[in-house]
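The values are calculated or read from the model by the stated rules, or taken from the named source; none is laboratory data. This is a predicted model, so every value here is computed, not measured. Cβ sites come from the backbone with ideal geometry, for glycine too, and all protein chains shown count toward neighbours.
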Amino acid sequence: MHDRVRQEIATTAKTIVIKVGSRVLTSADGTLNRERIAILGGELHKIMASGRKVALVSSGAVGAGMSRLDLKQRPTDLAKLQAVAAIGQSALIEAYDQTLRHLGCHVAQVLLTADGLDQRASYLNVRNTILSLLEFGAIPVINENDTVSVDELLTTFGDNDRLAALVTNLIGAPLLVILSDVDGLYDGDPSNDQSHLLSTVARVDESIFSLVWDRVGGISQGGMRSKLEATQLVTRAGENVIIASGHKVGVLDRILAGELEGTLFPAQGKTISPWKRWIGLAVQPRGQLKLDAGARRAIEQKGRSLLAIGIVSARGDFSKGEIVSVIDEHGAEFARGLTNYARQDIDRIQGKRSEEIPQVLGHLPYKEVIHRDNMVVLDNV
C-alpha cells in the first residue's frame with residue numbers, strides 16, 4: 001500500500017542517509033554476515049541508479065573483526081574490543097567495496113566520532129568532504145571510530161544512531177532511514193501480539209519515549225530509545241526519518257516507492273539554517289546556565305538575547321565561544337547558545353545589569369551573554 005506523504009518525501013529526497021545497525025549486519029554468533037551486506041549493496045546500487053545520492057552510516061566493525069579473527073564470542077575487555085574493531089574496520093569496508101565495486105559504485109571509508117563534530121572548523125571540514133564524495137558519485141561508508149570511542153563499544157547500542165542524525169543534519173539530507181532489527185515503533189512490547197506497529201508518529205515527545213520496551217519487556221535505555229533521540233534531532237531540523245527492519249529484503253526499494261514500511265517520523269516545521277543546526281542540534285553543550293522566569297519569557301516570547309541579569313546560576317567548565325545549555329528554574333532545557341563569557345566571568349556577573357559589568361570585570365566585552373543570533377530555542381526547532 002502506498003502513502004501520499006511518504007511518496008512525496010521519497011520523491012523529493014535526492015540525498016538520503018541510511019543507518020544500518022550491528023544486529024542487521026551480523027549473524028547469530030556476532031560475526032559479519034556477508035550475504036546481508038551483498039543484499040544491502042544491491043539495494044544501495046538501485047538507489048544510486050535512480051539518480052539519488054546516498055551516505056551510509058554503518059556499524060559492524062566488531063562483528064567483522066570477529067569474523068576475521070575467527071572469534072566465537074565478543075570480547076569483554078575494552079582494549080581487546082578496540083583491537084578487534086580496528087581489524088574489523090578494514091574487513092567491513094572491504095566487504096562493502098567488493099559488493100559495490102562489482103556493481104559499478106565507489107565507496108569511501110569515513111571514520112568519525114560525535115565529539116569530533118563539536119568544533120565548528122572540523123564540522124565544516126567533514127561536511128565538505130562528505131558532500132564532495134557524493135558529488136563524485138561515491139557512497140561514503142561512515143562509522144563511529146570504534147578504536148577510540150569507549151561508549152560505542154561498552155554498550156550494545158552506541159553513538160551510531162546519534163552519528164547518523166548528525167550526518168543527516170550536517171549535509172542537509174531530507175531523509176534518514178534507520179534499518180534496525182525491528183519493524184519500527186510499536187505501541188507496546190513488540191513481542192506482545194496485542195501491540196501494533198505505528199505507521200506514523202507526528203511528534204517525538206515523552207509520550208512516545210514511554211512506548212520504548214527492551215527484549216525482556218521493561219523500559220529500555222538503549223536500542224529504540226537511542227533511535228528516537230536521533231529521530232528527534234533530525235525532525236527538529238526539518239527533515240524526515242523512517243525506522244524499519246533491515247532484515248527484510250527489498251525494504252529500501254519499498255520505502256523509496258512510498259510504501260507503508262516501518263514507522264515514519266515527519267519533519268517538524270521548516271528546515272533550519274546550517275548555523276542553527278550546529279548550535280542547537282550538533283554540539284554537545286559544555287555547560288549550563290539556569291535562568292529566571294523573566295529571562296525565559298524574554299527569550300522564548302520576545303526573541304531577546306540573554307543578559308547577565310537573568311542568570312540564576314552556572315554549571316560546567318566552559319570557555320568563551322563554547323555552546324552551553326540554557327535551562328529554566330525547574331531544570332528544563334529550552335535553548336542552547338554560544339556564550340560570550342567563560343564560566344568564571346559568568347559567576348561574577350550573573351544577576352547584574354549590563355551597566356554594572358564594567359565595575360566587576362573592569363570592562364564590558366559584550367552586553368549580551370548569548371546574542372539572539374547565536375541562540376536556538378529548542379521548541380522552535
Exactly one of G51, G60 is in the same structural domain as A108 (by TED's automatic domain parsing) and more than 22 Å from the chain's Cα centre (by Cα), and that residue is G51
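Residue by residue, here is whether (1) in contact with a His (Cβ under 6 Å, 6 or more places away or on another chain); (2) of a type in the set (G, A, S) holds:
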{"site": "S273", "(1), (2)": "no, yes"}
{"site": "L281", "(1), (2)": "no, no"}
{"site": "E300", "(1), (2)": "no, no"}
{"site": "S305", "(1), (2)": "yes, yes"}
{"site": "D328", "(1), (2)": "no, no"}
{"site": "E333", "(1), (2)": "no, no"}
{"site": "I346", "(1), (2)": "no, no"}
{"site": "G362", "(1), (2)": "no, yes"}
Check whether at least one residue in the range 83-99 is at pLDDT below 85, of a type in the set (D, E) and in the same structural domain as S59 (by TED's automatic domain parsing), and report yes or no. no
Say we look at the range 326-362 and pick out the residues that are of a type in the set (S, T, Y) and buried (at least 20 other Cβ atoms within 10 Å of the Cβ); which of these is farthest from the chain's Cα centre (by Cα)? Y341
Does the range 43-82 hold any residues that are modelled with pLDDT under 85 and among the charged types (D, E, K, R), and which are they? K72, R74, D77
Just to verify a result, which residue in the range 154-181, among those that are over 12 Å from V17 (Cβ atoms), of a type in the set (S, T, Y) and outside any strand (DSSP E or B), is modelled with the highest pLDDT? T155
Taking the residues in the range 103-124 that are in a helix (DSSP H, G or I) and under 18 Å from the mean Cα position of the chain (by Cα) as candidates, determine which candidate is modelled with the lowest pLDDT. A114
Any residue at all in the range 37-45 that's outside any helix (DSSP H, G or I) and not polar (S, T, N, Q)? no
Answer yes or no as to whether L100 is within 18 Å of N143 (Cα to Cα), over 25 Å from the mean Cα position of the chain (by Cα) and either of a type in the set (D, E) or assigned to a helix (DSSP H, G or I) (or both). yes
Regarding S191, is this residue hydroxyl-bearing (S, T, Y), more than 17 Å from I242 (Cβ to Cβ) and either modelled with pLDDT of 90 or more or not in a loop (DSSP other than H, G, I, E, B) (or both)? no
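Which residues, counting only those in the range 61-97, are β-branched (V, I, T) and without any contact (Cβ under 8 Å) to a residue 60 or more places away in the chain? Can you show your working first?
So in the range 61-97, the residues β-branched (V, I, T) come out as 62, 76, 84, 87, 93.
Selection gives T76, V84, I87, I93.
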G331 is checked against (1) assigned to a loop (DSSP other than H, G, I, E, B); (2) at negative phi and fails just one. What number does that condition carry? (2)
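Hey, could you check the range 209-231 for residues that are under 21 Å from N160 (Cα atoms) and hydroxyl-bearing (S, T, Y) and say which is modelled with the lowest pLDDT?
S220
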Give me the strands (runs of 3 or more DSSP E) completely within the range 207-313, filtered to those with at least 1 residues that are under 30 Å from L44 (Cα atoms), in contact (Cβ under 8 Å) with a residue 12 or more places away in the chain and in contact with a Lys or Arg (Cβ under 7 Å, 6 or more places away or on another chain), ordered by residue number. 240-245, 263-265
Residue check, R23 farther than 20 Å from L100 by Cα, among the charged types (D, E, K, R) and either in a strand (DSSP E or B) or touching a Gly at 6+ places or on another chain (Cβ under 6 Å) (or both): no
